[in-house]
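The values are calculated or read from the model by the stated rules, or taken from the named source; none is laboratory data. Keep in mind it's a predicted model, so treat the numbers as computed, not measured. Cβ coordinates were reconstructed from backbone atoms using ideal geometry, including for glycine residues, and neighbour counts include every protein chain displayed.
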Ligand SMILES: NC(=O)c1ccc[n+]([C@@H]2O[C@H](COP(=O)([O-])OP(=O)(O)OC[C@H]3O[C@@H](n4cnc5c(N)ncnc54)[C@H](OP(=O)(O)O)[C@@H]3O)[C@@H](O)[C@H]2O)c1
């Protein structure tokens, strides 16, 4: 059994971790934290967990995690970096669902996140937790930086094109849409029901924090890779839809085969048949990324459509996939639930 802690158990990714882990056969959730609900039974706050989780929320603090093998930080940025060093030195592995360890250039991270990094020496040691790219390194890692939700959808759409040199690497445009749960559970006017329902808007056109993250990872595959990234807020609860464009000469048949071959052994990436249009609802609640690749001969452009559930493959599911690898378990353990339809 792997004993785990969840810091930030009242947030959307924290409760999603608990939902998935409650049917994981090899995991015992030892501790789950919330400052605002400390002492309350988890099932009193989340009724979907009645009968499944007997736990109460604890105050967060390094001492509470001493019986854990691994701790998930499902917390805002700048939280895990304050505690990771103490946990790692006690032999406890860490997966941060936030961005504290995702960007290798600490100066660049500090520019985008607006604070001084609390443990810059650990950044190098952290492995970017995208199993489709870094599986072997994740197996050996003690500290994993779980990828952002938009980056997961965009990077998976681009890996085969970049690795096979099919595109002009600087011509990439990622036009992405996210459900509102991507913004977390804290109330804000910008994400209130009346502000987002029956409306769609772009945001952070001049620079979103996921841009340097996506750029860094794409440049590990092709140093000239660069992109324009425009996120949009959609009136839905879960889901990310990335439409990714890039210039290059090719054909539908050839690129379809390249994607199918590239992802043939990936348990959580589903390359759909030629001319498909994946829907966000087709991944709701499950750890899949569904991808369709199109080629437009008249404009010499590839268009890749990639959908994930931001809370699952974009956060908690991917974190559990990483935990499985770090714990020597089969990567798919506990992650075989099918999507909810409609
Ligand atoms: N939502 C998504 O789709 C998504 C996807 C990928 C990655 N992420 C990242 O995952 C992290 C969590 O996201 P979320 O959407 O679950 O956020 P959230 O809904 O806002 O939840 C944050 C959680 O952290 C706790 N918390 C806040 N400050 C804390 C602190 N200083 N120490 C300990 N606990 C603290 C909160 O509970 P208390 O205040 O009660 O302690 C709450 O349980 C964020 O960094 C986010 O960027 C989110």
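Tabulated values for the structure
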{"read-out": "Counted residues, segment 274-303 - those being without any contact (Cβ under 8 Å) to a residue 12 or more places away in the chain and in a loop (DSSP other than H, G, I, E, B)", "value": "2"}
{"read-out": "Residue tally, condition touching a residue at least 40 places away in the same chain (Cβ under 8 Å), more than 13 Å from the ligand (Cβ to nearest atom) and out of contact with any strand residue (DSSP E or B) (no Cβ under 8 Å at 6 or more places or on another chain), over segment 113-148", "value": "4"}
{"read-out": "Any hit, segment 195-206, residues being touching a helix residue (DSSP H, G or I) at 6+ places or on another chain (Cβ under 9 Å) and part of a helix (DSSP H, G or I)", "value": "yes"}
{"read-out": "In segment 304-315, the residues that are within 16 Å of the ligand (Cβ to nearest atom) and either in a loop (DSSP other than H, G, I, E, B) or in contact with a strand residue (DSSP E or B) (Cβ under 7 Å, 6 or more places away or on another chain) (or both)", "value": "306, 307, 308, 309, 310, 311, 313, 314"}
{"read-out": "Inter-residue pairs, beta-carbon under 9 Å, first more than 8 Å from the ligand (Cβ to nearest atom) and in segment 73-84, second modelled with pLDDT under 95 and part of a loop (DSSP other than H, G, I, E, B), 6+ apart", "value": "83/61"}
{"read-out": "Residues (farther than 13 Å from residue 20 by Cβ, touching a helix residue (DSSP H, G or I) at 6+ places or on another chain (Cβ under 9 Å) and part of a loop (DSSP other than H, G, I, E, B)) located in segment 325-338", "value": "328, 329, 330, 331"}
{"read-out": "Checklist (1) within 15 Å of the ligand (Cβ to nearest atom); (2) farther than 22 Å from residue 91 by Cα applied to residue 65, failing item", "value": "(2)"}
{"read-out": "Within segment 25-48, considering residues that are under 21 Å from residue 334 (Cβ atoms) and part of a loop (DSSP other than H, G, I, E, B), the one nearest to the ligand (Cβ to nearest atom)", "value": "46"}
{"read-out": "Condition check for residue 57: within 22 Å of residue 336 (Cα to Cα) and either crowded, with 23+ Cβ neighbours inside 10 Å or within 15 Å of the ligand (Cβ to nearest atom) (or both)", "value": "no"}
{"read-out": "Strands (runs of 3 or more DSSP E) enclosed by segment 78-182 - at least 3 residues per element that are surrounded by 21 or more Cβ atoms within 10 Å (Cβ to Cβ) and in the same structural domain as residue 256 (by TED's automatic domain parsing)", "value": "172-178"}
{"read-out": "Filter result (under 26 Å from residue 320 (Cβ atoms) and out of contact with any helix residue (DSSP H, G or I) (no Cβ under 8 Å at 6 or more places or on another chain)) within segment 96-122", "value": "113"}
{"read-out": "Residue in segment 183-194 that is modelled with the lowest pLDDT, counting only those that are assigned to a loop (DSSP other than H, G, I, E, B) and more than 9 Å from the ligand (Cβ to nearest atom)", "value": "187"}
{"read-out": "So residue 225, is it outside any strand (DSSP E or B), on the phi < 0 side of the Ramachandran plot and within 16 Å of the ligand (Cβ to nearest atom)", "value": "no"}
{"read-out": "Qualifying residue in segment 231-242 (condition: modelled with pLDDT of 95 or more, more than 16 Å from the ligand (Cβ to nearest atom) and outside the structural domain of residue 23 (by TED's automatic domain parsing))", "value": "no"}
{"read-out": "Failed criterion for residue 260 (all others in (1) in contact (Cβ under 8 Å) with a residue 24 or more places away in the chain; (2) more than 17 Å from the chain's Cα centre (by Cα); (3) assigned by TED's automatic domain parsing to the domain that holds residue 169 hold)", "value": "(1)"}
